[in-house]
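Written below as structure tokens is the structure these notes are about.
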Amino acid sequence: MSLHRVLNSLVTRIIVFGVLMVIFGAVARYAMLSNFLRKDLIAVVSEQELALARSIASDIQYKVNQRQLFLDQLAATLPTALLSNPTLLRDWLEERHRLQPLFTLGLLVANTDGKVVSDFPPVPGRVGTSLAQAGHFRTALKGESSIGRALVGPTTLQPLLPMAAPVRDSGGAVRAVLMGATALTGPGFIGRLEQERVGKFGSFLVISPNDQLFLTASDATMVLKPTPPTGVNLLHDRAMKGFRGSGMTVNAQGGEEISGIASVPGTSWFVVARMPTSEALATLDRVRTFEIQRSAIGILFVVLVVGLMVGWMLRPLHRAAEQAKGMARGELPLQPLQTGRDDEVGNMTRAFNRLLEKLTSSQAALELIAHRDTLTGLPNRALLADRMQQALARAQRNSTQMAVLFLDLDGFKAINDTLGHEAGDEALRVISKRLTAVIRETDTLARVGGDEFVLIAGDLRDDAEAGARVLATKCIDAVSPALILKERPCQMSVSIGVALAGGDGNADSLLVDADDAMYRAKQSGPGRFVMAPYRQEDISLVG
């Protein structure tokens, strides 16, 4: 089978159409499913991140409140008499610290001037340091507990969160400030976030918007680093202005991520739980891969199954096409195609059979027109020529002779002129029947002109001339009886020229000789025949 035929095959087109439909469906399903799953996964992960952020924020709130409450309780129970004795004050701080070591970087007391008078655990250089400019100290000096700004301790050199509570005397006056310092990165506070992960690449942030600092983060390098400037991370910008919730954003490093943001109650801080979209939507990538693989299997299925099914369904059509081509090339006879099924192929085959029947009828009609005289039904000149060749061939094969009689009606023009052409046509039909009645079945009578006929008599053996004379006489006798045309009797006769030949004769020469003899007979008078070559004694009169 040629490539051109394969490419133009209906089966190939149906398979290609099926493959295109599978591909179109797969692409549409891929796009819709991807869009749906992406939105759904983003919504689910966003809720998860927000829930994680709220959980972390609640935990931080608890730890901050726990420390603030503990510090307030210590400040309320601190004997003011110890303020003048730093050694005893340190022992008191040590005892409380060992009982509840919430402040990992120690407890310290500063007088109303802001000077640290005692601390525990002792840190070299901390006692005597002035905290007069610290915000949490000034707030506590006014009689309110406060949480200070996260910073790197000047003496501990660690990121810490300071807290302060006022120490009052029996009259309620602030006599000193009790402060506690907690290491941000310590395991007992929010430093554990450095080890926490959401998934494989997810992380947490604790941000102080007032200070524009990362208090802590899963990435230790971000602790106490400034937050990105406005415009770098749009979701971060909204969070700095008070937005709490979840959404997608692009971080300062240019990575797309899903973030959940929750406030830490009691503070101005907020917690961010975030996860890269590449990890959050990893399921979507797996679904996409699965969909592509399934589509490839679907395409293969269409090619195999549809190809086999369509090939089987169109097999009768192929068989009918091959049969029709064989008939068109003349290799097979014209015959109806087989109709195996009552479907579209069967309907088309039956329609072709009806068309073939119509063409056969039309061909028979055309052949009749091409070889028969439409008025009398006798052979015409074309069929006469073929019959003459056949007669000559038989004469040569059988060593016989043939006679050609050229007949011309006498008095036919008068009938046309007096009674009309319809009467003339009827006369021709009657004469044709009379002449047909007197000849043999193997002879051929043809109408070659208006009132001219040619008779071929073959297979004449002994005394062919005598047989031809007898045949001519019969023809003259058949025509001579009167005709009743339009209820009027009409008399007609026929002039006949006769030519004989054997197998070596020539059809055209025979017709010329017979025609010439017919004219000589007509010149001698109606109802006569002349044998060719013309001899005067051959002129005969009948009647």
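Per residue, the chain reaches -15500 deg cm²/dmol at 222 nm when only DSSP H runs of four or more residues are counted, each adding -39500 (n - 2.57). Note on the chain: Lys pairs 8 or more places apart or on different chains, Cα atoms under 26 Å apart, count 16. Scanning the chain for DSSP H helices at least 18 Å long along the axis (C-alpha atoms) with a Kyte-Doolittle mean no lower than 0.5 picks out 10-77, 464-479. For the range 202-332, the Cα gyration tensor yields ellipsoid semi-axes of 69, 13, 11 Å (square root of five times each eigenvalue, largest first, whole Å).
Exposure here means at most 16 other Cβ atoms within 10 Å; with trypsin sites (Lys or Arg not before Pro) in a DSSP loop as sites, the longest stretch of the chain lacking them is 1-141. Between ALA437 and THR360, the FRET efficiency estimated from the beta carbon spacing at R0 = 25 angstrom works out to 0.20.
When +1 charges are put on Lys and Arg Cβ atoms and -1 charges on Asp and Glu Cβ atoms, the dipole computed for the range 381-541 relative to its Cα centre reaches about 260 debye. When the range 446-504 is described by a simple charge dipole with +1 on each Lys and Arg Cβ and -1 on each Asp and Glu Cβ, the residue from ILE456, VAL498, LEU483 located farthest towards its positive end is LEU483. Spatial offset of the range 14-53 relative to the range 474-511 amounts to 96 Å, using the alpha carbon center of each.
DSSP beta bridges fully contained in the chain are about 95 percent antiparallel.
Ranked for footprinting exposure by Cβ neighbours inside 10 Å, fewest first, ILE476, ILE292 give ILE292, ILE476. Charges were assigned to the Cβ only: +1 to each Lys and Arg, -1 to each Asp and Glu. The resulting dipole of the chain about its Cα centre is roughly 2800 debye.
What the Cα atoms of the range 78-183 give is an Rg and a Dmax of 12.5, 38 Å.
Scanning the chain for chymotrypsin sites (Phe, Trp or Tyr not before Pro) in DSSP loops with at most 16 neighbouring Cβ atoms within 10 Å leaves 244-533 as the longest stretch between them. Here the simple spin-label model places points 7 Å from the Cα toward Cβ, and for LEU304 and PHE24 these points are separated by 2.5 nm.
We did not get these values from a lab; they are worked out from the coordinates using the rules stated. What you see is a predicted model; the values in this text were computed from it and never measured. Don't worry about glycine lacking a Cβ; one is built from the backbone with ideal geometry, like all the others, and counts go over all protein chains shown.
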